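Laboratory data are not the source of any read-out in this text; all were calculated from the coordinates shown. Because the structure is predicted, anything quoted here is derived from the model rather than measured. All Cβ positions, even for glycine, are placed from backbone atoms using ideal geometry, and neighbour counts span all protein chains on display.
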Amino acid sequence: MNTTKRHIVFVCDVGMALSAMGAAVFCKKLQQAHIQANVTHCALRDLPTNVEVVVTQQPFVERVKQQAPTAQIVVVEQFLTSPAYDELIVAWR
């Protein structure tokens, strides 16, 4: 098990419903995999510059790159179900 605690932010336009639900789904997957992470959600305008990983949708990628230029960006079609979540878990083990 990898003991590095990661900082992951789910970002959408408003930062309320979809990104919050996606963050909850991903948190559950991380817990089941015994991976520690700080998972939050926010509106794009509130994205911190020092975040490690940003999960977002395609329309927001360019703005995420501007606000958090060093972040790994994970693009999902839907926040509630995405194969990218399982891919991250496999990569972090």
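Each Lys and Arg Cβ is given +1 and each Asp and Glu Cβ -1; about its Cα centre, the chain then shows a dipole of about 240 debye. The angle separating the long axis of helix 17-32 from the principal Cα axis of greatest extent in the chain is about 20 degrees.
Sorted largest first, the spans of the alpha carbon positions of the chain along the three principal axes are 33, 24, 17 Å. Compared with the dominant Cα axis of the chain, that is its longest principal axis, helix 83-92 is turned about 60°.
Electrostatic tally near VAL74: other residues with Cβ closer than 12 Å to its Cβ, Lys and Arg +1, Asp and Glu -1, net -3.
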